[in-house]
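Working notes, beginning with the structure itself.
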Amino acid sequence: MATRLRKSRRQRGTRYCGWGQIGQHRQSGSRGGTGEAGKHKHFWIRTVKEEPSHFGHDAFHSLNQNAVRTWLNVRDLSAIFAQHAKVNEKDTIPTLDLTSLGYDKLLGGGKFKGAVRVKVERYSERARQKIEEFGGEVLSHN
C-alpha cells in the first residue's frame, strides 16, 4: 500500500488519531506498567510461563555455606598413609598432609594404630582423640 493512502496519513492533524480521548495510548498505562510491574497481578500468566521461580525462595538454601565436600575417616588413613606419608630426618613422626590430597575434613570413624602427624583443614574431636591416643597429632591448616 502506498504511504499516502495509509490511515496514519489521513489522521495527521486530528486531535486523537483514532485513540479516543486524549489520555488513551499514552505513557505506560497502555502497556500495563513499566518494567516488572504486574507480575503478581495482571501479568500472572506470563510470569508462570516464562519465570516460574520468580516469586518465593529456596527453603533449603543455607546462608552459611561452609560445605565439607570431601572427608576421610580415621580407618582410611592406613591406605593413604602407605602412599603419601612424608618423613623428615629430624622428626620421628611421619607427616600426612590431607589438604594437599584434596580432603577437607577428618572424621573419627574406625581405628588407626600408629603415630602420625596429620595436617587437615577441619577435623572432628573424636578423630583428634584417636590420633593422639597413639602418639600422633592433628594440625589445622587455618
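Tabulated values for the structure
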read-out	value
Any hit, region 79-89, residues being closer than 30 Å to Lys39 by Cβ and of a type in the set (Lys, Arg)	no
Of all residues making up region 79-91, the number that are surrounded by 10 or more Cβ atoms within 10 Å (Cβ to Cβ) and either modelled with pLDDT under 85 or touching a strand residue (DSSP E or B) at 6+ places or on another chain (Cβ under 6 Å) (or both)	7
Filter pass, Ala37 being among the hydrophobic types (A, V, I, L, M, F, W, C), at pLDDT 90 or above and not in a helix (DSSP H, G or I)	yes
Residue in region 51-58 that is under 23 Å from the mean Cα position of the chain (by Cα) and on the phi > 0 side of the Ramachandran plot present	yes
Within region 42-78, tally of residues that are of a type outside the set (S, T, N, Q), farther than 20 Å from Leu139 by Cα and modelled with pLDDT of 85 or more	13
Where a residue in region 52-73 is touching a residue at least 12 places away in the same chain (Cβ under 8 Å) and its partner, wherever it lies, is among the small types (Gly, Ala, Ser) and part of a loop (DSSP other than H, G, I, E, B), with Cβ under 6 Å and at least six apart	Thr70/Gly102; Asn73/Gly109; Asn73/Gly110
Those residues of region 24-78 which are over 30 Å from Lys105 (Cβ atoms), of a type in the set (Lys, Arg) and surrounded by fewer than 12 Cβ atoms within 10 Å (Cβ to Cβ), in sequence order	Arg26, Arg31, Lys41, Lys49
Residue in region 121-132 that is farthest from Gly110 (Cα to Cα), counting only those that are acidic (Asp, Glu) and surrounded by 12 or more Cβ atoms within 10 Å (Cβ to Cβ)	Glu121
Glu125 in contact with a Lys or Arg (Cβ under 8 Å, 6 or more places away or on another chain) and either modelled with pLDDT of 90 or more or among the aliphatic types (A, V, I, L, M) (or both)	no
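The values are calculated or read from the model by the stated rules, or taken from the named source; none is laboratory data. Computed from a predicted structure; not experimentally measured. In this analysis, Cβ positions are derived from the backbone assuming ideal geometry, glycine residues included, and neighbour counts consider all displayed protein chains.
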